[in-house]
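A short worksheet on the structure shown next.
The values are calculated or read from the model by the stated rules, or taken from the named source; none is laboratory data. Since the structure is predicted, the reported quantities are computational estimates derived from the model, not experimental observations. Every residue, glycine among them, receives a Cβ derived from its backbone with ideal geometry; neighbour counts consider all protein chains shown. Heads up: the accessible areas ignore ligands, DNA and RNA and are worked out on the full protein's heavy atoms, side chains in. Shrake-Rupley method; radii C 1.70, N 1.55, O 1.52, S 1.80 Å.
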Amino acid sequence: MDVLRRSSVLAAEIMGAFERSPTEKELVAQAKALGREFVHARLLRAGLAWNAPERAAWARGGHLAEVCAVLLRLGDELELIRPSVYRNVARQLNISVHSESVVTDALLAVAAQIFCAGITWGKVVSLYLVAAGLAVDCVRQAQPAMVHALVDCLGEFVRKTLATWLRRRGGWTDVLKCVVSTNPGFRSHWLVAALCSFGRFLKAAFFMLLPER
């Protein structure tokens, strides 16, 4: 009961932050909550299971659920354009998923490459796709605990790199402006900007990412 109560309180705090200008701490908590839901959706799509204990408390509706739905839809759009980039990410990066430091260092190195020339929503979606791709690889290789590490890593990157940018835009709900419609057939104007800024970052990351281990 105490765990459920704490989860409900946390969910209420996260949801409440969408009604006003969020603090850095709230933005990080929202980034991790969105990361859990984004990863969970991608794992389900891959036919994999993962225990996300704090997910159910906020996933029933509200702004956070709406933001996550848009992130997932934009992710689908980006995957349609580059279907192979976000699959078998660990193999493309030539890393082992049995070491937490290797997995999180890889995500942070890719993130640094993605955002080296600025921040856009297209790049934010790309980061979540890379994290979800790594999470799928981890669960497939019997390393589900790594998923929690990846979610925490997302939160830390948001704190260090994206929080100021997000606050200037009023928080995560700014991504809702990227879409024309939320119906399954929508086309979003964000794609052109995403492609221009997205460039060849992942190809560069694969060659420059990590020293040999």
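As an exercise, use a Förster radius of 25 Å and the Cβ-Cβ distance of Thr23 and Ala65 to find the FRET efficiency, rounded to the nearest 0.05.
Values: r = 21 Å, r/R0 = 0.83.
Efficiency for this residue pair is about 0.75.
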Describe numerically, in nm with one decimal, the distance between label points set 7 Å from Cα along Cα→Cβ at Asn88 and at Asp152.
3.1
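Tell me which trypsin sites (Lys or Arg not before Pro) from segment 130-174 have a DSSP coil assignment and no more than 10 other beta carbons within 10 Å of their own.
On the way: sites: Arg140, Arg159, Lys160, Arg167, Arg168, Arg169; in loops: Arg169.
Taking segment 130-174 and a limit of 10 other Cβ atoms within 10 Å, no loop trypsin sites (Lys or Arg not before Pro) are found.
Using only the heavy atoms of the protein chains and a 1.4 Å probe, how would Ile119, Ile114 rank by accessible area, largest first? Mind showing how you got there, number by number?
Working: Ile119 50, Ile114 5 Å².
Result of the area sort, largest leading: Ile119, Ile114.
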For Ile119, the net charge from surrounding residues (Cβ-Cβ under 13 Å; K, R +1; D, E -1) works out to +4
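Once you have the Cα-Cα distance between Ala46 and Arg169, take 0.36 nm times their residue separation minus that, and quote the gain in nm to one decimal. Please list the in-between numbers first.
Working: separation 123, 0.36 × 123 = 44.28 nm, distance 3.31 nm.
Extra length from Ala46 to Arg169 when fully extended: 41.0 nm.
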With a 1.4 Å probe and every protein chain left in place, work out the accessible area per residue of segment 108-163 in Å², rounded to a whole number.
31
